[in-house]
1. Looking at the range 318-331, can you tell me whether even one residue there is part of a loop (DSSP other than H, G, I, E, B) and of a type in the set (Phe, Trp, Tyr)?
2. Would it be correct to say that Tyr120 is without any contact (Cβ under 8 Å) to a residue 40 or more places away in the chain, touching a helix residue (DSSP H, G or I) at 6+ places or on another chain (Cβ under 7 Å), of a type in the set (Phe, Trp, Tyr) and buried (at least 19 other Cβ atoms within 10 Å of the Cβ)?
3. How many residues are open to solvent by less than 40 Å² (accessible area, probe 1.4 Å), free of Cβ contacts under 8 Å to residues at least 24 places away in the same chain and under 25 Å from the mean Cα position of the chain (by Cα) if we restrict to the range 291-338?
4. I need every pair where a residue in the range 152-168 that is buried (at least 17 other Cβ atoms within 10 Å of the Cβ) has its Cβ under 7 Å from the Cβ of a residue that is not in a helix (DSSP H, G or I), sequence separation at least 6 or different chains.
5. Do we find that Leu184 is of a type in the set (A, V, I, L, M, F, W, C) and either over 21 Å from Ala107 (Cα atoms) or in contact with a Phe, Trp or Tyr (Cβ under 9 Å, 6 or more places away or on another chain) (or both) in this structure?
6. When you scan the range 199-220, do you find a residue that is in contact with a Phe, Trp or Tyr (Cβ under 9 Å, 6 or more places away or on another chain), in a helix (DSSP H, G or I) and of a type in the set (D, E, K, R), even just one?
7. Could you check the range 239-276 and list, in sequence order, the residues that are over 23 Å from Leu343 (Cβ atoms) and in a helix (DSSP H, G or I)?
Amino acid sequence: MASYDLTPRIAPNLDRHLVFPLLEFLQERHLYEDEQILKSKIELLNRTNMVDYAMDIHKSLYHTEDVPQDMVERRVEVVARLKALEEAAAPLVAFLQNPSAVQELRADKLYNLQMLNERYQIGTEQIEALYQYAKFQFECGNYSGAADYLYQYRALCTNNERSLSALWGKLAAEILMQNWDIALEELNRLKEIIDSKSFSSPMNQVQSRIWLMHWSLFIFFNHDNGRTQIIDLFNQDKYLNAIQTSAPHLLRYLATAFIVNKRRRPQFKDFIKVIQQEQHSYKDPITEFLACVYVNYDFDGAKKKMNECEEVILNDPFLGKRVEEGNFSTVPLRDEFLENARLFIFETYCRIHQRIDMGVLAEKLNLNYEEAERWIVNLIRSSKLDAKIDSQSGTVIMEPNLPNVYEQLIDHTKALSGRTYKLVSQLLEQTQAQVAR
């Protein structure tokens, strides 16, 4: 299933350090030859300061204890540069490690700069040195130290561009340390800046949104509430437009979130239209499954795609997260996906049939007869299905579900409110843009 691997599309939108977890996953799944993965790792490491790690990979790749002379020389350079940056940033680092001194800082950055200069002889050069030191620590793979220094740098920095760069670095460090709650906070902070910042070119803003969505995949598929929040972010008009324009492969992750998160049905209908529109630019078994069920009503095709979806999930670095339970290893998202996918097929099939043969239904759901009967009984018991089973004829009889007039009125009112909000937001943006000019 390497043909469905999105790593070549995703990697250019990530910091190179964020690519390592993807390569580790691909190596575990044996999607590519080990030699190919190791060469990719070395190529990435050559552009970082993680020289010791590069040496270890070189030894594994070429089965030798010797390393090239240029790696040895590079290591000497890195150590020397690290010491120089450490010395340059030492006065400010010492200040920040003094709790009583830090209490003198205020929310006013200009006051802080003046106070540091007058009382501690710390100026803009030392603050800039802290940024360079933090960045170098990150390149060396010391993500914890980098995150701390970047946080402190942003509290003192008055340069908006540098502060934004530090925030990207802080987000990357928190992701690599798997601090998902803190990473989500930094992600939301970064989104707020991207959406409010006036960019010199609209394309730069679109590109920033694309980077943000790619980086967010690490968080959303590891955070407890991530599958809801990925819909909140990706399904916003500005972000969905960016996906359709420049990154249609991200539809895989939005489609997966919709399938495992059944509460988002009002938005789901609009998303199916997007899937239909974008079939020419991107499709994979997950998006094709939705097209089979909701666009083409091809239930045999949907059954076939379900099997392919399982393979796609197992071999995707974000979707195929494994959980160890004793001696067993499971992929929770795979199980949720297949369960909800069957429910999607069943619901759609039942809308166009009042009496359904159990054997036919079992085939559509990719289950045997007993499993299908047990699955439907559980649905009826949990009040998810208004139907009854006729055991003698081996059929499921659907109860008529007449639409409630009041519910329809509420749904239409909600939709009208949403469209009005979008229209007002667009008008306000245009007005603000004209005022800014």
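The values are calculated or read from the model by the stated rules, or taken from the named source; none is laboratory data. These figures come from a predicted structure and were not determined experimentally. Cβ: placed from backbone, ideal geometry, glycine included. Neighbour counts: every protein chain shown. The area values use the complete protein model at the heavy-atom level, side chains included, leaving out ligands, DNA and RNA. Shrake-Rupley method; radii C 1.70, N 1.55, O 1.52, S 1.80 Å.
1. yes
2. no
3. 4
4. Ser163/Cys157; Ala166/Cys157
5. Yes.
6. Yes: the range 199-220 contains one or more residues that are in contact with a Phe, Trp or Tyr (Cβ under 9 Å, 6 or more places away or on another chain), in a helix (DSSP H, G or I) and of a type in the set (D, E, K, R).
7. Answer for the range 239-276, where residues must be over 23 Å from Leu343 (Cβ atoms) and in a helix (DSSP H, G or I): Tyr239, Leu240, Asn241, Ala242, Ile243, Gln244, Thr245, Ser246, Pro248, His249, Leu250.
Conditions (1) modelled with pLDDT of 65 or more; (2) under 20 Å from Phe268 (Cα atoms); (3) over 32 Å from the mean Cα position of the chain (by Cα); (4) not aromatic (Phe, Trp, Tyr), marked per residue:
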position: Asn368; (1), (2), (3), (4): yes, no, yes, yes
position: Arg381; (1), (2), (3), (4): yes, no, yes, yes
position: Asp386; (1), (2), (3), (4): yes, no, yes, yes
position: Glu407; (1), (2), (3), (4): no, yes, yes, yes
position: Asp411; (1), (2), (3), (4): no, yes, no, yes
position: Lys422; (1), (2), (3), (4): yes, yes, no, yes
position: Val435; (1), (2), (3), (4): no, no, yes, yes
